[in-house]
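One structure is given here, and the rest of the page talks about it.
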């Protein structure tokens, strides 16, 4: 977030907030405040149709929103590294600013997916076979799928019905693909990664609700 910028709320209103103290890697001193027209253009461009071949998305309905190759490690998961975790993040930034950070080769940060607050739209930024740099711990990066959610952890209004539903369906798909149990030992918040100084997703993230939705999504996939 650009110093002094006034961040957007999910309802379109604006309010003054101090710059977040944790997600400095996403904020950066080089962040540029977008005009309303540029923001709209970026939002439209962000959800281009998935590219064919290597850029095809792993989650049905996601849109390809690629991170810079400098911000993830190429791999062949699950053959090269077992995948047995999902790490839930909250961006502390707007959707467009987070996507721009992932495209910036100097940031050394990314996540596999980015979920938008207002409508639950999902951008895939890194292929699941590759290792996103999202947790701050190389061991957790190697074994996990990272999902970023647009918002600010202190304000529960960012965590919309649409966001919970879309993200839970995404996590259910990840769990089904890799045989990950849908519990808190395997679906964890960024704050629970050993050694991290991050606090997201924070106390306002409704874990009971989220896991209920994830399990329901898995039940539908498994059928009667």
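Each value in this text was obtained by applying a stated rule to the coordinates, not by laboratory testing. In this text the structure is predicted, and so the values were computed from the model without any measurement. FYI the Cβ positions are ideal-geometry reconstructions off the backbone, even for glycines, and counts take in every protein chain you see.
Please figure out what share of the DSSP beta bridges in segment 33-222 is antiparallel and state it in percent, rounded to the nearest 5.
About 25 percent, rounded to the nearest 5.
Label-point separation (nm) for residue 177 and residue 63, each offset 7 Å from Cα along Cα-to-Cβ?
Taking the two extended label points, one gets 1.9 nm.
Set the Förster radius R0 to 35 Å, insert the Cβ-Cβ distance between residue 70 and residue 186 as r into 1/(1 + (r/R0)^6), and round the FRET efficiency to 0.05.
The formula returns an efficiency of 0.75 here.
Given the Cα-Cα distance of residue 207 and residue 220 and 0.36 nm per residue of separation, how much length would full extension add, in nm?
Here the answer is 2.7 nm.
Kindly identify segment 33-222 as rounded, prolate or oblate by the Cα gyration tensor criterion: order the square roots of the eigenvalues as a ≥ b ≥ c, call it rounded if a/c is under 1.5, otherwise compare a/b with b/c, prolate if a/b is larger, else oblate.
Judged from the Cα gyration tensor, segment 33-222 comes out rounded (a/c under 1.5).
Percent relative contact order of segment 33-222, based on C-alpha pairs within less than 8 angstrom and at least six residues apart?
Computed over segment 33-222, the figure is 23 percent.
May I ask you to order 62-68, 90-96 by the average number of other C-beta atoms within 10 Å around their residues, highest value first?
Top of the packing list down: 90-96, 62-68.
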